[in-house]
Structure formats: structure tokens, C-alpha cells
Amino acid sequence: MSHKTPKMEQLTDEEISELFNNLEEIISDSSSSESDGEELPPNLVVLESLEDEADFTDGGKETKISADGGEVSSSCWRTTCNFTPPGPGVVFDNTKCGVQNPPATPTEVHCFKMFITEALVEELVQETNRHALQLQKETSTASKGKLAKWVPTDIKEMYTFLVTVLLMGMVKKSSLRDYWSTDPMLQTPFFGTLFSQDRFLLLLRCLNFANSAKADVDDPLFVIRRVFTEITSSFRSVFVPYRDLSVDQTMMNWKGRLALRQPIPAKRNRFGVKFFAVRDVLTGYVLDMIIYTGSTTDIHHYARLGISGSVVMTLLAPYLGKGHIVYVDNWHSSPTLFQQLLSRGTGACGAVRADRRGMPAFTNNNMTKGQMEFQENGTQLAVKWCDKREVHVLTTVHASIMAVSQKVDYTTGEKKMMPLCVLEYNKKMGAVDKADIMKSFVKCARKTTKWYKKIFFYMIETAVLNSFIVYRQLAGKGMTSLEFRMNLMRGLLEEYSTPRNPPKGGRPASDSPLRLTARHFLSDIPQTELQGRSTRRACKVCISSKCRAKKRRSTRYMCVACNIALCATPCFEEYHTLKNY
């Protein structure tokens, strides 16, 4: 069966010329409309792409890498031994770096309140009071329990509540109720002077950050969004970073069921809520954070970069075009991302996966320890170096040279040599890890059934770290983070806490475990101003005896070592000789 091809009409030269002109107009219109792209969130500022191109010759064949951040091809690399990347092309200005608008007389409390302001705490107070009333309405009268005793909180009590939570991060106990235990082996009386157990647990239960009646169903972080945004905004406004930045992932431990929970096997807490953070390398200051929520993560998506590269571009948006150098790990690094950053006046360096799109094919596949290979594409340098295992590093700011490290080779006794980019990457990322370790020693995030409360406590912990860095920058004192925390908590309590009246009644104190073995002496009970010489206390044995009828009998004697009031005879002897008196 034969097919006939339809006969095409002959076009004149004028018609062909007119047809091509129309096609060019259509193509130019579509390209201009597609270049508009999606707008960034209003709090981010993105510089316009540069239109220049970087050219270089590869084996007689001219190859062009678009400086507007186009995708990098793996075929445009070549082996080199003497190459220096052109760098971001912008001279960094460090005259405005550091703390902005510092207080006249910086104290630990002033630095902390630059992030956790009274206005923010007032919002917490209002929302907590509203949520408590809502819980009372939703709970039946028979099951209200402690909720029936709720009285509205205020700013002073909320700051005291935050101090109590921070102090719990330093005084570790297995459960919250242990902080108010009367057992001599667990007793910490100071917590009882701040809150009663019932009041603290009630505040923790009613603590809230947003009205659920106005919830945005499309935002999984709605309940914590407003507080999270205000705190991170203060991070950005208080501090202008120095030249070197880092972008890394951190994990807030969470073992319960949660759609946001992510695994990071390399982290100590392998499961939890993932945060992306940009930091100042010199000080460890956290400049901004993003909570990973899957497809709804609050980032601007770049088609050629994927989510890992889009996170970096979003976090760095306020700092592009200023000559910064950013250090990233192998989850973020890619030649295309580094080209995007380079086109926006930002250098980059980071460990990279060998199979990333755009990476070169290295020729030496059987390296021994100490060997390396450099490849360049005119704007970037890719390094393969073998130490204990093969390491791949990508950089747009470091030359292809070796540098002396502080590590010593124990076989030769000499300091190890490594590529300059590897040495700088280890140094910069190690400084950020040190800041993380400093924060991990005293975590204030308590076990709670609400994930968003734990995120709030995690942000409070980050605010304490940032305030410590700010105070050290302003005061110039060589203070440890532990000393700063202690001074901060003392200062907040002096300003906001009201001494609590001694509790009446309650659970009787447990017996001291040393009452049968230590040395004990009978002493008079110290006199009080009110009772004078008539000062008396109830005898411990008479009121809790198991060998005879219980009765309340006052005595003027006590055992100082046990801090127990006892009758001279026979109670003093029974208490210190009988296990079951």
C-alpha cells in the first residue's frame, strides 16, 4: 500500500523572510515572559542576574559557561595544576559588620531581650491566657482538675517561666515533677521558690502561640509561624555577618509521630525536625533558619538547583552581591549552585558528591594516600584528594595549591599537606560545629506532647546562644557560655521574679538515707522573731510513727544534720536507730 506525500507549495523569498521575522518575534516574547519567574517571599531580596559570560578554550574548542548561573556541563572540565578561580568579583566591605544598634550599657539581660523582646512575650501572654480560657470552656466541670485554679499570667511570670525552663536544662532530672520532689536525694528547693509544681505544669499546658480558630490549613507551621518569624527576623536585624558564611542542617530531636519528622543518619539525634541555618563563621551567630516541611518548605524554588540548592539561595538572598564566601556540605554543593552564586557576587566552597550533575570525570580512579587531582572549567576548581578515603571538594575562591595543616603524620613526624580548599573547609565548618556543641551541653527543650512547644524552646535556646555572642562582641569579656547563662538567669529573676510565699502543708519530706549511720546530736530549734523562746516544731516520729498511735506533739529540740524536729526522748533515739520507727 503506497502513501502519497502531499505536495508543498513553493514559497517566495519575501514570504520566507516574513515567516522567519514572525518566528523571531514569537520566540523573543516567550523568552521574556518566562524570565520573569516566580517572585521571592517579601522578606527576601534577590539581585538581578548578571548577563556577562565567561569564556575559555578547551582543547581548541571554545566552550561558554553562562555567568547568569546556567547549568554546568561535565564535559567542560580539564585537568590543571596551576589554576586560581576568578572569585566573586566583589570586594567585601567589613566596616559595617557586627552588632547593629547596641544598647548603651550592654548586660546579659539587654542582649537577650534584643531577641526575646517584651512585645513578643506580651503576645505569648495574651495567647496563653486566651488558650487557658478556651480549655476551661471545652473541659467539663468534673474533669477540669487543676485547670479550675487558672489565673491569668503576665509578662513577669512568663519571663520567670522561661528562666525556669532554661535552668532545667542545666539541672538535669528524669521528670518534671522531680524538680519539686521533697526526697532529700532529689530535692532542689530553689524551684519551689519560683513556682509551685501545679502552677508550672499548668503554664506549660496552656502555653500557646496562635489561635487555632484562624488556622491556615495549607501551612503546617501555622501554630508556631508567627513566633518563629519574629525571632528569626530579630536574628537578621541585630547582626551583620562578616565575610565567611556557612549553610548547614541541624536537627531538633523528636521521636514521636509527626509529619515533619526527618531522618539524618549522620547526626547524633537521627530523627527529628530538620532546620536549615545560615551562620556567621567567625562568631557562630545564627543569622536565619528554615524549618523543613517537605514540598511546603518556605523557600523559593530554582528549577535547575532542586531543593538542596534552593535552600542555599533562599537563606543567602539578603547577602548576595556583597562578596561573601559561603561554605556548604555535600548535600547542598553542586557546580550549578556554585555558578549561580558566582553570578551573584558570592564565592563558595564545599564538599561535593562525585556523582553530582556537572562534576568532572577524574582520571585517577586508584588513588593512594596523599595523592590529589585538580580540574577546572574556567570559573570553578574541583579537587579529588585521598586521605583516609577519597574526598571531593568544589570551590570558586581557592587556588590549586597545597597547604600545611596542623595535623601531624605520625609515620614521618611532619605536618600533613592537603589542598588549600580542604584545609579552609575543615577550618570554617569546624568553627560552626563548635558553636553547636556549646549549645548542646545545656538543652532547655523538655519532653512535651506538643511538637510546636519544643520548637519554641529550641528557638529560645538559639536566642540564648546568639545573645551570648552579641554580649561577647560588645563587652569584650572572656566569659564562658555557662557563666553567661547563670548571669542571664539571675538578671531576669532580679528584674521580673517576685518571691513566692513558703508553701503550706504539702507532702512530708522523706527520711534522709544517712539517718541511721551518720553522727547526730540533739540541738535547740532556732528561735524565730514571732515565737521567740516559745519556738516549737512538730516531732517527726510522733506524727508519723508506725509502732504506736500517731499524734501531733510539739518539741523545742531537733537534729541539725537531718533538719528534723524530734522529742528528746524517746523519739531522737528511735529515729536514729530503728529503720521502721
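The values are calculated or read from the model by the stated rules, or taken from the named source; none is laboratory data. These numbers come from a predicted model, not from an experiment. Methodologically, a virtual Cβ is constructed for each residue, glycine included, from the backbone with ideal geometry; neighbour enumeration extends over all protein chains shown. We work out accessible area using only protein heavy atoms, side chains counted, and drop any ligands, DNA or RNA first. Shrake-Rupley method; radii C 1.70, N 1.55, O 1.52, S 1.80 Å.
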inquiry  = Placing one identical point scatterer on every Cα of segment 288-341 and ignoring solvent, what is log10 I(q)/I(0) from the Debye formula at q = 0.28 Å⁻¹?
reply    = -1.33
request  = Whole number in Å², please: accessible area per residue of segment 515-564, 1.4 Å probe, ligands, DNA and RNA not counted.
outcome  = 75
note = Residues whose modelled amide H sits under 5 Å from the amide H of Val391, counting only those 5 or more places away in sequence or on another chain, are Trp385, Cys386
query = With every protein chain left in place, what is the accessible area of Ser308 in Å² (1.4 Å probe, nearest 10)?
reply = 10
request  = Quote the convex hull volume per residue of segment 76-176, based on C-alpha atoms, as a whole number of Å³.
outcome  = 340
note = HN-Hα couplings for segment 558-575 via Karplus (6.51, -1.76, 1.60; θ = phi - 60°), in whole Hz with x for Gly/Pro, come out as 7, 9, 5, 4, 8, 6, 10, 7, 9, 5, 4, 9, x, 5, 4, 5, 4, 5
remark   = Subtracting the Cα-Cα distance of Asp219 and Ser175 from 0.36 nm times their residue separation yields 12.6 nm
inquiry  = With an 8 Å Cα cut-off and a minimum separation of 6 or more residues, compute the relative contact order for segment 82-221 in percent.
reply    = 28
ask   = Which of rounded, prolate, oblate describes segment 254-314, given a ≥ b ≥ c as roots of the alpha-carbon gyration tensor eigenvalues and a/c under 1.5 marking rounded, otherwise prolate only if a/b is larger than b/c?
value = oblate
query = So in segment 209-368, what percent of DSSP beta bridges are antiparallel if you round to the nearest 5?
reply = 70
key: Under 5 Å, built H, 5+ apart or other chain: amide partners of Phe239   = Gln100
remark   = Counting only protein heavy atoms with a 1.4 Å probe and every protein chain in place, the carbon and sulfur fraction of the accessible surface of segment 221-328 in whole percent equals 50
task = Subtract the Cα-Cα distance of Thr412 and Ser237 from 0.36 nm times their separation in residues, and report this length gain in nm to one decimal.
result = 58.0 nm
query = Expressed as a whole percent, how much of the Cα-Cα distance distribution for segment 93-251 exceeds 30 Å?
reply = 33
Solvent exposure of segment 147-210 as accessible area per residue, Å², 1.4 Å probe = 41
ask   = On the first, second and third principal axes, largest extent first, how far apart are the outermost C-alpha atoms of segment 182-265 in Å?
value = 52, 40, 33
task = List, in order, the whole-Hz ³J(HN,Hα) value for each residue of segment 207-223 obtained from phi through the Karplus relation with A = 6.51, B = -1.76, C = 1.60 and θ = phi - 60°; use x for Gly and Pro.
result = 4, 8, 10, 7, 7, 5, 5, 10, 5, 9, 5, 8, 10, x, 9, 4, 5
task = Along Cα→Cβ, 7 Å out, is where each label goes; now give me the distance between the ones at Glu122 and Arg472 in nm to one decimal.
result = 3.3
key: FRET efficiency for Thr517 and Glu230, using Cβ-Cβ distance with R0 set to 45 Å, rounded to 0.05   = 0.20
query = Per residue, what accessible area does segment 373-436 have, given a 1.4 Å probe and all protein chains present, in Å²?
reply = 47
ask   = Between segment 300-360 and segment 104-127, how many Å separate their Cα centres?
value = 35
message = Taking θ = phi - 60°, what integer Hz values does the Karplus form 6.51 cos²θ - 1.76 cosθ + 1.60 yield along segment 250-257, in sequence order, with x for Gly and Pro?
response = 10, 10, 9, 4, 8, 9, x, 6
ask   = What number, in percent, do you get for the relative contact order of segment 175-240 if the mean sequence gap of Cα pairs under 8 Å and at least 6 apart is divided by its residue count?
value = 17
request  = Grab the Cα-Cα distance for Met402 and Thr95, subtract it from 0.36 nm times how many residues apart they are, and report the gain in nm with one decimal.
outcome  = 107.4 nm
task = Pull out a ≥ b ≥ c, the square roots of the eigenvalues of the alpha-carbon gyration tensor of segment 349-408, then state rounded if a/c is under 1.5, prolate if not and a/b is larger than b/c, and oblate in the remaining case.
result = oblate
query = In terms of the Cα gyration tensor, with a ≥ b ≥ c the square roots of its eigenvalues, is segment 120-184 rounded because a/c is under 1.5, prolate because a/b exceeds b/c, or oblate?
reply = oblate
task = Amide H neighbours of Ala403 under 5 Å, at least 5 residues apart or on other chains, H built in the peptide plane: list them.
result = Met418, Leu420
